[in-house]
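Below is one structure; the comments refer to it alone.
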């Protein structure tokens with residue numbers, strides 16, 4: 001939950017103190033005796049969120065402060081890997097993934113968990129390299145590269161044109177879920193041929209179990225945006241989040257199934273009113289609109305350099321701002337003109353097949 005909230009924060013408030021405080025609280029204290037909240041996936045999100053924090057903030061001092069905690073937790077994870085260097089749910093672990101609408105086998109090696117673990121190792125290497133822990137950086141990068149090289153041979157099924165859900169005793173299951181496949185797209189673990197195959201066989205395949213939580217819908221839509229499918233994502237946002245609003249939502253919910261009506265909409269966890277109707281992981285359009293429609297992202301830590309790739313999709317106009325350590329990047333756009341103001345750093349603007357450089361304090365008007 002927190003890892004997503006940070007991303008929304010970066011595009012809404014840029015409150016770094018809130019992010020740092022939460023990262024510290026989730027880290028716990030040594031000696032480590034369990035995953036974060038006992039959830040394996042949450043441990044990996046924690047590592048990845050620290051690399052994200054540095055990209056958006058440029059706060060190198062925090063990396064040096066949090067690094068000992070990262071070492072303790074990563075040592076715990078590595079101490080629980082199997083003979084292939086992969087992770088499996090062990091006693092006391094909660095292998096969560098998502099609140100899926102059908103039973104999901106959590107036994108053996110889950111492709112989803114390996115993808116997250118691999119990215120966490122890369123985050124560990126990035127942080128170590130940034131604070132000049134060169135030997136550590138080499139160690140974690142080697143572990144990440146070794147695991148990444150095993151992902152496709154272990155989980156890719158040529159007949160299904162997708163990553164299968166899991167392996168038990170070295171044997172692939174026949175189940176395919178969206179999770180591992182969309183994260184493999186996001187983290188660029190698939191070549192173009194396999195990405196194209198997954199979009200067809202998984203992402204746009206209605207026979208694959210649909211995601212009904214805003215939590216995982218966030219990542220599915222981000223994967224689509226990364227593939228240039230903003231028009232499709234805009235439709236999904238209007239249908240899914242707009243669907244909640246149409247049913248009376250005043251804040252976004254923990255889970256939403258459009259077919260549910262009345263009290264059925266409020267039930268969860270086996271309780272008639274168990275669903276959270278104000279859930280942070282429901283607010284992902286904040287991030288998606290800033291990152292993939294205004295198109296703003298830092299390209300070096302703390303927005304020393306940044307880029308914008310604005311697109312209207314099917315909107316007639318848009319106007320918004322993205323907070324940075326220098327101030328707000330302000331974008332105004334309609335079908336005829338574009339205006340971008342740069343508070344600091346060096347911006348690179350990609351618009352209508354042209355590239356523009358925007359220095360600190362400048363405004364680009366096209």
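The values are calculated or read from the model by the stated rules, or taken from the named source; none is laboratory data. Here the structure is a predicted model, which is why all the values come from computation and not from measurement. For neighbour counting, all protein chains shown are included, and Cβ atoms are generated from backbone atoms with ideal geometry for every residue, glycine included.
Here are some notes:
- Note on segment 260-366: enclosed strands (runs of 3 or more DSSP E) holding 1 or more residues that are touching a strand residue (DSSP E or B) at 6+ places or on another chain (Cβ under 6 Å) and touching a residue at least 60 places away in the same chain (Cβ under 8 Å) are 296-298, 317-324.
- Listed by first and then second residue, the pairs with beta-carbon distance under 9 Å, at least 6 apart or on different chains, first residue in segment 31-50 and outside the structural domain of residue 67 (by TED's automatic domain parsing), second assigned to a loop (DSSP other than H, G, I, E, B) and buried (at least 16 other Cβ atoms within 10 Å of the Cβ), form an empty list.
- Residue check, residue 105 in a loop (DSSP other than H, G, I, E, B), out of contact with any helix residue (DSSP H, G or I) (no Cβ under 9 Å at 6 or more places or on another chain) and surrounded by fewer than 20 Cβ atoms within 10 Å (Cβ to Cβ): yes
- Some residue of segment 223-233 being touching a strand residue (DSSP E or B) at 6+ places or on another chain (Cβ under 7 Å), surrounded by fewer than 20 Cβ atoms within 10 Å (Cβ to Cβ), part of a loop (DSSP other than H, G, I, E, B) and not assigned by TED's automatic domain parsing to the domain that holds residue 361: no
- Taken over segment 1-33, the criterion of being under 18 Å from residue 63 (Cα atoms), surrounded by fewer than 14 Cβ atoms within 10 Å (Cβ to Cβ) and modelled with pLDDT under 95 is satisfied by 29, 30.
- Any hit, segment 275-292, residues being on the phi > 0 side of the Ramachandran plot, in contact with a helix residue (DSSP H, G or I) (Cβ under 7 Å, 6 or more places away or on another chain) and surrounded by 19 or more Cβ atoms within 10 Å (Cβ to Cβ): no
- Scanning segment 122-153 for residues that are without any contact (Cβ under 8 Å) to a residue 12 or more places away in the chain and outside any helix (DSSP H, G or I) gives a single hit, 132.
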